[in-house]
Amino acid sequence: MQLFPGQGRSDGQLMIGGVRAQELAQAYGTPLLAIDYDVLDGSIAAFSQACAPHGIEIAYAGKALLLVALARHLKHTPLDLDVCSLGELRTAERAAFPAERMRMHGCGKTDEELEAAAAGRVGRIIVDNIWELTRLARYGPGRERIRVLIRINTGIEAHTHDFVRTSGEHSKFGFDPAALSEIVPVLQRSARLEFRGLHSHIGSQIYEREAFAENARVLMERAGSLAAAGLVAQELIVGGGFGVAAQPDGETLDLAAIMDAVAQTVREHAYAAGIPAPHVGIEPGRALIAQAGTSLYSVMARKEQFGRKYAIVDGGVYENPRPALYDAYHHIICASREAAEPVETAVCGRTCENDRLGVAELPRDLRAGDLIAMCTTGAYTYSMASNYNRFTRPAVIAVRQGTHELIARRETIEDVLRSDCDV
Ligand code: PLP
């Protein structure tokens, strides 16, 4: 059976980053999220190769997964970093990720988050709405100007699941293009704010190449009208959302073709509008980290009800909410042995929800103690985990070339209780 990059089998047992999954489970317990740094670096290299001919800058969207150790790893790559909260910012700062390589996102920024941008703790801030821009403009003169990009809702409907769509007529994000002129007086009057350019992110798991170029086209139209009003965009960020194959033999994007199309669109529209072509940036999260992640679970029980086979595992909606939230598909395999006689089995978590993680071909004689692997869980799994049912969040480890190390320890019950007021 085909596997994902970085995975293999030895004596039927799953290997991740050159380490037996069983060994990882024994060393760290389950559920466990393993991040293969070689796979991550491979994705970074693939993006870099596609972007380099056009000088397109890449920022990793930290919301997909951010830990101090991961930020430290990313610091040594060519990537910039997007953060969207003080928590993500502090995580990156703990790793001494350079401020000038960071950008602050978010659609409801607190005073502290705006202050972080004003204090130069990030290199740029992506402004979501006029209220935010006005609040930011109130910061008095400072040593450095605050570099501002304006997020626009370009209205592109990328084919993706409704609930993860972040642009289009049903989206809360960014400025309505029709109302964009309101930024002009605010930016022109402020001595502190420096207009750097425009931004738009049109969704997630996008497989249509044209969507990215179309997004760039609409952004360039807006850049043209803002230039006529005296605001010349030097940067154009066309977002993340690059689709990732959820099956080992699934569809992969032609990144070079996408970058070519985006760069060409920007050049052509800049020429037509008589403005300098802005530097282009992208901000993938999932496409960089998803395939690097594999979640390991132990089977706790097996049952058959109304003719359907179930495996109950020691994870669930608390540590991977995406299947329940948006029907996200993750390829699931038996890690402790190959399924000689595979049967369709519903894999469910142990929370008080009907938390089906997915359906997989698992051994007919699956038993308690067998190890299950859920693939491509690097993105939006640990970062979206909660303490539902007062379960503890799993440990996260980094693996590479036969080595492994803990990068987030498993929570304890004391961690879960730590903010309760014991009155
Ligand atoms: N940029 C912004 C503004 C986002 O909101 C997101 C995800 O929601 C991303 C980038 C990353 O998207 P993805 O992980 O699908 O690449």
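No value in this document is a laboratory result; all are computed from the given coordinates. If you're wondering where the values come from, they're calculated on a predicted model, not measured in any experiment. With ideal geometry, Cβ positions are generated from the backbone for all residues, glycine too; neighbour counts draw on all protein chains shown.
Of the DSSP H helices in the chain, those with a Cα length along their own long axis of 18 Å or more and a mean Kyte-Doolittle hydropathy reaching -1.0 comprise 37-51, 209-228, 255-273. Put a plus charge on the Cβ of each Lys and Arg, a minus charge on the Cβ of each Asp and Glu, and nothing anywhere else: the dipole of the chain about its Cα centre is then about 820 debye. For the pair GLU353 and SER10 in one chain, pulling the backbone fully straight at 0.36 nm per residue adds 119.9 nm over the alpha carbon distance.
In this model, which of LYS63/LYS172; LYS75/LYS172; LYS109/LYS172 are farther than 26 Å apart at the alpha-carbon? As for pairs spanning more than 26 Å Cα to Cα, those are LYS75/LYS172. Placing R0 at 41 angstrom, the Cβ-Cβ distance between ALA45 and PHE306 gives a FRET efficiency of 0.25 after rounding to 0.05. Taking a ≥ b ≥ c as the square roots of the eigenvalues of the Cα gyration tensor, segment 10-109 is oblate, since a/c reaches 1.5 or more and a/b is not larger than b/c.
Here segment 1-125 carries DSSP beta bridges of which approximately 45% are antiparallel, counting only pairs with both residues inside.
Using C-alpha pairs under 8 Å with a sequence gap of at least 6, the mean separation divided by the residue count of segment 299-369 gives a relative contact order of 37 percent.
Taking a Cβ cut-off of under 10 Å around ALA395, the surrounding Lys, Arg, Asp and Glu residues balance to a net charge of +2, with basic ones at +1 and acidic ones at -1. Ordering VAL19, VAL262, VAL68 from the fewest to the most neighbouring beta carbons within 10 Å gives VAL68, VAL19, VAL262. Of the residues GLY240, GLY224, GLY285, the one that moves most in a GNM of the chain with alpha-carbon contacts below 10 Å is GLY224.
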